[in-house]
Amino acid sequence: MLPKKQSAAKGSGRPARTDRTLSQLQEAFAKGALKPGLNVVLEERPKRRNDTDGLKQCLAEFRQQLTWVERLDVTLGPVADPVSQSDSTSDAVDPENDFQREMSFYRQAQAAVLEALPRLRKLRVPTRRPDDYFAEMAKSDQQMQKIRQKLKSKQEAMERSEKAKQLRAMRKYGKKVQVEILQRRQKEKKNMLNAVKKYQKGLSDKLDFLDEDQTSSQGNKKGNASQRTKKGPNAKRRYKNQKFGFGGKKKGSKWNTKESFNDVSSFQSKVAHNKGPGKGGRGGKGGKKALNKRPGKRARQKMKNRAR
């Protein structure tokens with residue numbers, strides 16, 4: 001089987017390097033240099049080179065002889081720290097300390113600004129942006145529209161969540177009020193039953209809740225009467241009264257009063273007792289119609305009997 005594997009490996013086109021590594025391992029194993037464990041071949045790290053001459057040569061190749069206004073390059077160290085009153089160099093800054101590193105960057109930028117601004121003013125270069133200056137946005141309008149929509153959706157979600165919180169709070173408050181009302185009603189009912197039992201046993205001679213109901217009903221009637229007096233007719237009724245007149249009082253117009261009861265000037269006895277002209281008997285109808293009155297049933301029966 002082993003020769004077949006070797007022939008297959010050769011036929012697959014593996015490089016001869018694997019064979020050399022295998023032979024070296026076999027030789028090391030025979031010499032006893034191999035030890036139990038994982039054997040890793042360590043390659044030598046490339047040495048770092050500080051080729052200053054090459055760097056200067058590259059710098060001279062791409063450097064352009066331009067004025068300082070076109071380059072605006074300022075190379076300075078960090079400005080002095082006003083707190084410590086000592087010039088701190090880059091060696092004194094701990095690179096692992098984020099605060100010290102950022103402060104060194106800030107002081108270095110501050111030193112560059114203090115050096116560059118007077119030179120720009122001397123060259124009469126404006127350093128302040130005019131009020132009517134409009135710069136091109138770094139982001140496109142489509143991107144800003146997406147950001148606006150995202151912010152708007154976040155705001156709407158926050159508003160919905162606030163409304164949901166308010167609704168939950170209102171529901172809790174409504175349930176609380178409902179429970180309080182039910183408890184108060186149960187307490188009133190219990191007090192009323194206790195009062196009725198005491199009244200039945202003769203321990204008390206009055207029922208307080210009946211007096212309270214009477215006073216409350218009287219108060220409601222007074223309130224309703226005051227509302228009715230204050231309310232008056234509606235706007236449509238007032239307009240019609242103004243246009244057509246009130247029309248006088250309708251209800252109770254035929255009721256007797258003290259003055260009408262004592263006033264007998266229009267009383268006529270003949271008319272009152274059906275004794276006037278053209279009046280005939282109880283029917284109030286005289287003349288020929290009174291003579292042709294039909295006889296009653298019994299009279300008609302007697303007339304029939306006589307005719308037989």
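Taking (1) touching a strand residue (DSSP E or B) at 6+ places or on another chain (Cβ under 8 Å); (2) outside the structural domain of Asp73 (by the TED database) in turn, Arg107 satisfies each apart from (2). Do we have Arg129 as loosely packed, with under 10 Cβ neighbours inside 10 Å, of a type outside the set (Asp, Glu) and over 48 Å from the mean Cα position of the chain (by Cα) here? The answer is no for Arg129.
Considered as a group, the residues in region 138-170 that are over 25 Å from Val69 (Cα atoms) and not in a helix (DSSP H, G or I) include one that is most open to solvent (accessible area, probe 1.4 Å), and that residue is Lys139.
For region 84-101, the set of residues classified as at pLDDT below 65 and either within 16 Å of Ala111 (Cβ to Cβ) or assigned to a loop (DSSP other than H, G, I, E, B) (or both) consists of Ser84, Gln85, Ser86, Asp87, Ser88, Thr89, Ser90, listed by residue number. For region 246-269, the count of residues that are open to solvent by less than 100 Å² (accessible area, probe 1.4 Å), at pLDDT below 70 and not in a loop (DSSP other than H, G, I, E, B) is zero.
The values are calculated or read from the model by the stated rules, or taken from the named source; none is laboratory data. In this text, all values refer to a predicted model and were calculated from it rather than measured experimentally. Every residue, glycine as well, gets a Cβ built from its backbone with ideal geometry; the counts of neighbours run over all protein chains shown. We work out accessible area using only protein heavy atoms, side chains counted, and drop any ligands, DNA or RNA first. Shrake-Rupley method; radii C 1.70, N 1.55, O 1.52, S 1.80 Å.
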